[in-house]
1. Write down the percent of antiparallel bridges among all DSSP beta bridges whose residues are both part of region B:33-108, to the nearest 5.
2. What is the distance, in nm, between label points placed 7 Å from the Cα along the Cα-to-Cβ direction at A:GLU76 and at B:GLU137?
3. Straight distance only, please: which lysines reach the Cα of B:LYS462 with their own Cα at less than 17 Å, same-chain residues fewer than 8 apart left out?
4. Report the extension gain between B:ALA11 and B:HIS486 in nm, rounded to one decimal, defined as 0.36 nm multiplied by the number of residues separating them, less their alpha carbon distance.
5. So what is the 222 nm mean residue ellipticity for the protein assembly as shown from helices alone, if each DSSP H run of at least 4 adds -39500 (n - 2.57) and you divide by all residues, rounding to the nearest 500 deg cm²/dmol?
6. Counting only other chains, what is the mean number of Cβ atoms within 10 angstrom of the Cβ of each residue in peptide A:367-378?
7. Can you tell me the dipole magnitude for region B:347-435 around its Cα centre, using point charges on the Cβ only (Lys, Arg +1; Asp, Glu -1), in Debye to the nearest 20?
8. So if R0 is 41 Å, what FRET efficiency would B:THR49 and B:GLU446 give, r being the distance between their Cβ atoms, rounded to the nearest 0.05?
Amino acid sequence: MDAILKPRTAEEIRDVVKWAAAEERPLEVIGSGSKRLLGRPVQVAHVLELSDYSGVEFYEPAELVLTVKAGTPIKEIEKLVDDNGQELSFEPMDYGPLLGQPKAEGTIGGVIAANVSGPRRIKAGAARDHILGLEAVSGRGEIFKSGGRVVKNVTGYDLPRGLCGSWGTLAVSTLITLKVNPKPETSATLLLEGLSDEDAISALSKAMGSSAEVSGAAHLPAQEGGAAKTLFRLEGFETSIAYRAQTLTSLLADLGNVTRLNESETHATWDAIRNVDLFCGLPDPIWRISVAPTAGVRLANELRNQIGAKVFYDWSGGLVWLMCPNGKVHDQDIRAAVHKVGGGHATLVRADAAIRSSVDVFQPQPTPLAALSGRLKEQFDPNGILNPGRMTAGQ
Amino acid sequence: MSAIVMPEPDAGVLSRRMEIVKALQAIVPGDGVIHDETAMRPYETDALTAYRQMPLIVVLPETVEQVAAVLRYCFENDVKVVPRGAGTSLSGGALPLADGVLLSMMKFNRVLDIDFENRAVVVQPGVTNLGITRAVEHEGFYYAPDPSSQIACSIGGNIAENSGGVHCLKYGLTTNNVLGLEMVLMTGEVIRLGGKHLDSEGYDLLALMTGSEGLLGVVTEVTVRILQKPETARALLIGFPTSEEGGTCVADIVGAGIIPGGMEMMDKPAIHAAEDFVNAGYPRDVEALLIVELDGPEAEVEYLLERVAEIARKNNASHLRISESEEERMVFWAGRKAAFPAVGRISPDYLCMDGTIPRRELPKVLAGMRELSEKYGLRVANVFHAGDGNLHPLILYDANKPGELEACEAFGADILKLCVEVGGVLTGEHGVGIEKRDLMPEMFSEDDMKQQQRVKCAFDDKHLLNPGKVFPVLHRCAELGKMHVHKGQLPFPDIPRF
């Protein structure tokens, strides 16, 4: 019997998991299902869907804290905080367009489970840097709480942060407490055109190492119809931006003509980078690769030569979005290249279910680390009922 | 010693002491194994000096291979291990066990790699927090988390406690600034997490390790991110007639979209103690003193200074000064930085507490503390990280007066219970250690703590690493692993299905 179970309360969520653990019936755990095309496919008889467990529990803008139910749509949360002059500084990517799915369908639970972030990660941190507290149901069917509502908290292990990026394989989040920040008053972007990848990364590195407080650092290599674009985002008070733009322009003066994009152009530019617009609407496989910033160029060159890959860079070179030509996934070449440039990780983002079932979607781990991860999984979910195989085949 | 009970020493281990010494000497030669009583004495306590315990043996390894071999030997012979950095823990995190090896990591004191282009530094865990900044300041960089003990505390210890500091409001805690680490598990296995790249490729074990108080593994190498020093920093010294007004000012600053580099508050007893000691020019007639530091590009700081001053005036500030020079800024901070020794000057002993509360609860908690001060007959002075709600009440006592240490600890426990009551937590940055271990049930249910202990079971299922810290009850992993409900015992849950 196939069933989609849609609990409405934390107790109902607990009851589903408890039943599943007792009966050894694996569950596919989803928020609204917007990330089903990511990670490894989970094909089991029962789906635990959290979209009916939605709503704001607690929001205190003056305390910079927000507690929400895991099934709350991310776009609802983003609108709420925006209306209050605040933001989720980690600006999570919307995977919808890249995967050929509707826009903005994700839940906060999914954002946390996949540790989804955006360009501002280099300055403000990732989703995991904004979680303060978590209530969840373990794979044993027990509700537990961890963390709290304050930033300074070292009372016990940092379970809330430790569960970020666990793709629903350790616990089912119920209540998530996040740190919110004031929204910047305005923003601008400095643009340099026509730089080689090497010069661009060097410029981005210089900018990041300066006192200009850059909150977005990306490079889009040249392609048909356009020169290469190297982009530096500045956010904050208008007087501050003007001053910092001056600092940055002087710093980059010998690299070419620095032009400035206004606030609305800035929003559009960085939304496009955040959501990987460049590779949207195309059929080829995509990899999301994280390496040391200076290693990004070497990785890109290696893979352009070897497989004719197309790339662009975010996180001042440390995040390489790579598209493989000709529909082939090239996992061995990519893993070898990551290793060659000193390590990091590559995640297969866009590929059909059959491929994602047969190759490693996430970066394989060395044996002791894989074993430790396996033991952690066992401790949280001894009967292996939460999203089996979502991250690795053996899970 | 007071009522904090540590695990019963293993008589078998105690009787095999010299055999263990010999085995460890074969792994760590020369002066790396200390078993002479006098030589071990400096290790019997950390900065929670009311508690002392001589370890079984002290070992100071120099290489990862030695750390791995020592842990492996201890694992195979059921010998407990207590890791230690600089020994600056205020919660007894490095308190030895009578039957345990005290593993000092202070010989791991080298800076291994400074990478300005990637804004990352790789160091050994015994390098001090300030030592990292010193290694990169020639290029204008620094390591942002700045606990007050930064001149002495080790980065390995910072990871154990997820240390913060004055500037963590704007720049994050240790967990937000660590990119990677190498560690050794109790079994002797060496594990690498992260590196110079961002995000974990799998489970965020780096997050679990940070703040794990030496219970999950021994850190042998750390990669941290470094930032360019802000162009300038200016400070405001603001006095308020009431703590309520000071608290509202803090809320209004945050509400205006301003995140200062740091915001510190002191109450009247703390102000007076500091003034008597260093004469920084603090006003004596205010109930609350707020130091707000704004850092960043000059134009931004100028602009924000005006806005903060406006907010302060709106909140009835009775004193307001803005630093006009670097020297003056340092003077504003001098009293705050001397607060602890200043209090040490007016009392034979003091107990430094550490709890976090939602900022708006400060007046209520301060009032609660005044009542408790009367109840226990002990003075208390407050230093408060106003930006993030982290309190440091300093309870003054005299250990030589019978009953005063106990009264002091009871007072401290009541303060922490009050913190939890108003929606806060037991510890913001000092850690649970032994000091707050028995208060954990104030925050967490049995089930909550069992879930945390299951994390421990994945890392160290024999409970050999730092037992007796953080968790009041040690459940055996086999017990925690049992599932209580089995097939056929539960009906299909009655909830909507499609």
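Bear in mind these aren't lab numbers, they're just calculated from the coordinates by the rules spelled out. Note that this is a predicted model, so its numbers are computed, not measured. Note: ideal-geometry Cβ built from the backbone for every residue, glycine included; neighbour counts use all protein chains shown.
1. 20 percent
2. So the two model labels end up 5.1 nm from each other.
3. Here the lysines satisfying the reach criterion relative to B:LYS462 are B:LYS80, B:LYS450, B:LYS482.
4. Answer, rounded to one decimal: 167.0 nm.
5. Here the helix-only value at 222 nm equals -9500 deg cm²/dmol.
6. 5
7. Approximately 340 debye in magnitude.
8. For R0 = 41 Å, the calculated efficiency reads 0.80.
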